[in-house]
Amino acid sequence: MSVRSQWRQLPCHIKRVMVDFLLNPTGVPEDVYRPLMYRRDEAGRLLSKRQIAPLIVDGCEGQPGAQHAIRRIVEIAATWSSFHLADNEYAARAIVQKACELFDIIETMDAREARAREIGRQEEVARLSRERDDMLRRQSQLLLMMFDEMARSNDPQRRGYLLQDLLNRLFDIHEVPVVRPYPSAYHRRWVGR
């Protein structure tokens, strides 16, 4: 086998290692990277891994389920220890160090976003609590007025209906489940229902 044919096989082999150790474990969909493996540039040469990388990032951003893969690629690069696979171990270690810095930045940003989401959630809970307290205050004033009206009434039947309405509203305000009974035969006969 000639050196020229070995050189042609080498990029595929290196790209295959990239696929096996980086792209598959991170969940990059095969339809994103498969067409790029044998794509050629304007000069007719196969694309290098450096040329493929931005295309993979663009492909992952375009697919809804693959955005997490970019973060996983940085995470794997930050914890990389297979330096024997690289042509230049020092360059590989420098890339790992840079990936560690980038991963720390990503972690810091994620922590800020989580903190902002938590603050937003707490503000929403506080707003809902304030609205509920305000509604309870208004409803309580209405119930107090209904109770005063009931206490001033001389008609016992009207007081009974007002008490029933007052209790129903009180249970509704405090979210107490109320099961209304079926009208009895006695009730239907006297009320006419």
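The values are calculated or read from the model by the stated rules, or taken from the named source; none is laboratory data. No experiment lies behind these values; they were computed from the predicted model shown. Cβ coordinates were reconstructed from backbone atoms using ideal geometry, including for glycine residues, and neighbour counts include every protein chain displayed.
Identify, please: which residue in region 42-61 is part of a helix (DSSP H, G or I) and free of Cβ contacts under 8 Å to residues at least 24 places away in the same chain and is, among those, nearest to the chain's Cα centre (by Cα)?
Residues of region 42-61 that are part of a helix (DSSP H, G or I), as a first pass: 49-61.
Now drop any that are not free of Cβ contacts under 8 Å to residues at least 24 places away in the same chain, which leaves 50-51, 53-55, 57-58, 61.
Details: Arg50: 31, Gln51: 32, Ala53: 26, Pro54: 26, Leu55: 26, Val57: 21, Asp58: 21, Glu61: 16 Å.
In this case the residue turns out to be Glu61.
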What single numbered condition from (1) assigned to a helix (DSSP H, G or I); (2) under 21 Å from Val19 (Cα atoms) fails to hold for Gly120? (2)
Scan of region 149-191 for residues that are outside any helix (DSSP H, G or I), modelled with pLDDT of 80 or more and within 40 Å of the chain's Cα centre (by Cα), ordered by number: His174, Glu175, Val176, Pro177
Quick check on region 64-71. Is at least one of its residues more than 27 Å from the chain's Cα centre (by Cα) and loosely packed, with under 11 Cβ neighbours inside 10 Å? no
Out of (1) without any contact (Cβ under 8 Å) to a residue 24 or more places away in the chain; (2) closer than 16 Å to Met18 by Cα; (3) outside the structural domain of Thr26 (by TED's automatic domain parsing), the odd one out for Leu85 is which? (1)
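Which one of Val125, Val57 is among the hydrophobic types (A, V, I, L, M, F, W, C), more than 22 Å from Val28 (Cα to Cα) and modelled with pLDDT of 85 or more? Full working, then the answer.
Values: Val57 fails: more than 22 Å from Val28 (Cα to Cα).
Matching residue, one of Val125, Val57: Val125.
Considering only region 4-40, state which residues are of a type in the set (Gly, Ala, Ser), surrounded by 11 or more Cβ atoms within 10 Å (Cβ to Cβ) and modelled with pLDDT under 80.
Residues of region 4-40 of a type in the set (Gly, Ala, Ser): 5, 27.
Subset that is surrounded by 11 or more Cβ atoms within 10 Å (Cβ to Cβ): 27.
Listed by number, the list is empty, since nothing qualifies.
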Scan region 17-41 for residues that are within 26 Å of the chain's Cα centre (by Cα) and more than 21 Å from Ala86 (Cβ to Cβ) and report the count. 5
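Does Val74 satisfy the criteria of being assigned to a helix (DSSP H, G or I), assigned by TED's automatic domain parsing to the domain that holds Arg50 and under 22 Å from Pro54 (Cα atoms)? Outline the logic, then answer.
Values: assigned to a helix (DSSP H, G or I): yes; assigned by TED's automatic domain parsing to the domain that holds Arg50: yes; under 22 Å from Pro54 (Cα atoms): yes.
The answer is yes for Val74.
Within region 114-142, which residues are more than 32 Å from the chain's Cα centre (by Cα) and among the small types (Gly, Ala, Ser)? Quick ask: steps written out before the conclusion?
Kept after step one, since they are more than 32 Å from the chain's Cα centre (by Cα), are these residues of region 114-142: 136-142.
Across region 114-142, the qualifying residue is only Ser140.
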